[in-house]
1. Ratio of the stretch 76-196's C-alpha Rg to 2.2 N^0.38 Å, to two decimals?
2. Give me the base-10 log of I(q)/I(0) for the stretch 308-379 at each q in 0.18, 0.23, 0.26, 0.27 Å⁻¹, Debye formula, one uniform scatterer per Cα, rounded to two decimals.
3. Would you order 383, 435, 442 from fewest to most other beta-carbon atoms within 10 Å of each residue's own beta-carbon?
4. Do me a favour and compute the ellipsoid semi-axes for the stretch 412-512 from its Cα gyration tensor, root of five times each eigenvalue, largest one first, whole Å.
5. May I ask for the distance between the Cα centers of the stretch 326-362 and the stretch 451-480, given as a whole number of Å?
6. For a footprinting-style exposure proxy, rank 188, 34, 331 by other Cβ within 10 Å, fewest first.
7. Pop a pseudo-label 7 angstrom from the Cα along the beta-carbon direction at both residue 524 and residue 121 and give the gap in nm to one decimal.
8. If R0 is 41 Å, what FRET efficiency do you get for residue 303 and residue 61 from their C-beta distance, rounded to 0.05?
């Protein structure tokens, strides 16, 4: 768009249309790219010569904040009658407002991306604006539905979760749109006014476990109440004097029957050593009957910290309080379990502990979190993962007195392969590219796919810029090597990489990404298949290392 803004005369509609079409090829996710004049009239609205967006909120916002990218609320397009969001930025060379450039990303595009995620039959992925207006919602049962787009129909639990943590979290509730109960993980998309929600149907994922655990928890609750009552009866001096031996024997038999069940693991400890346990306890942890008797409870904990943390509960139990918590414990074969653990103090220094296996619930929660942070096509982190990880990596580098580099990579030639051979071939190319990039990095570096053919690589713990040159050169050489897609199809693509250094160019994660993105476009203008490092007055460019090279490539200066 620099050519458009630097022109002395007002651009013709043909010039505007041609420049917009050229830029459209760089952003396949956008339905179109439009350009307006300062009054808001769209210059390249083919067939709609008088269309104006001056009354749209994003036009006013872009005019008021010319240095920012503006993301609109969901709206129905005037030229292309589709629901979606607008990404707009002002054209303001030398501080003079000349209009805006904006692109429309339709809700249908988000639905295509969301369809790649495995959600089960009743799962859902939802994208909402910061005001919680619905932009796109995908469910396997209604994959192309636009029901509710633009509305703010949400459950009270969502509002409560956002009030507790406006960045990320999870909650369980019935979805307001379709009434299905889901466990939903959410996260804000960077610093943009967008929220992504990934929900897994509680009924579908938890039904087998729920049937069993409902009975277990109900029984455990009843058992706890009965044990407390029996303990009071058994050890109250008034009742002990009133009961004869027959009644006391009958009570003991009933108590033993309740404790020695096959559902809830129960163990009695003295000095944190097992003096008795039931059959369910042995089965839960993979031991033979009576094998745990005389063994210290430490063997059930995977680490000393958890063991000590539970040990601090004895002080509360000594004051008549009970303990309840969820902790990691280990079976005899070393497998880790999540246990819902509850305990109470008994007379004579003994304590009674009951344990229920909740590993299935924890695994489901972790699965929902992974879906929210992982790119389903390549297995790399997605934009949400990058947003969460990048600030921490920068802080680690700063504490160690090292540098970090943010590298923005865009493939050259990917669209041609995708258009000629189809989406399956394009997906295979992206997966192979992700694998090659990962092989060029260290274990503590970050690589994420932002969508389409765009990737971000973050290099931490650097001593100097020469390390960045070497890694970028190696990536360019690896990506440009021919790729065999099978069936006799061998293709080649290249990459353009933009680099911004921390703390030399910026300290803020968002600013580093912005500068690296700008440097990447400079690499494309330079001729592609190269990398460009941002600087204040100029940008330095480097080329891919030849396969036999083991040293850093030379640098050129760009004016």
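1. After normalising by residue count via 2.2 N^0.38 Å, the value is 1.20.
2. Listed by q, the Debye log ratios stand at -0.80, -1.02, -1.12, -1.16.
3. 442, 435, 383
4. Largest first, the stretch 412-512 gives 29, 14, 11 Å.
5. Their Cα centres are 47 Å away from one another.
6. 331, 188, 34
7. Distance between the two pseudo-spin positions: 4.5 nm.
8. The pair residue 303/residue 61 has a calculated efficiency of 0.20.
Here, each number is a calculation from the coordinates, and none is a lab measurement. Keep in mind the model is a prediction, meaning the values are calculated, not measured. Note that we place each Cβ from the backbone using ideal geometry, even for glycine, and neighbour counts take in every protein chain shown.
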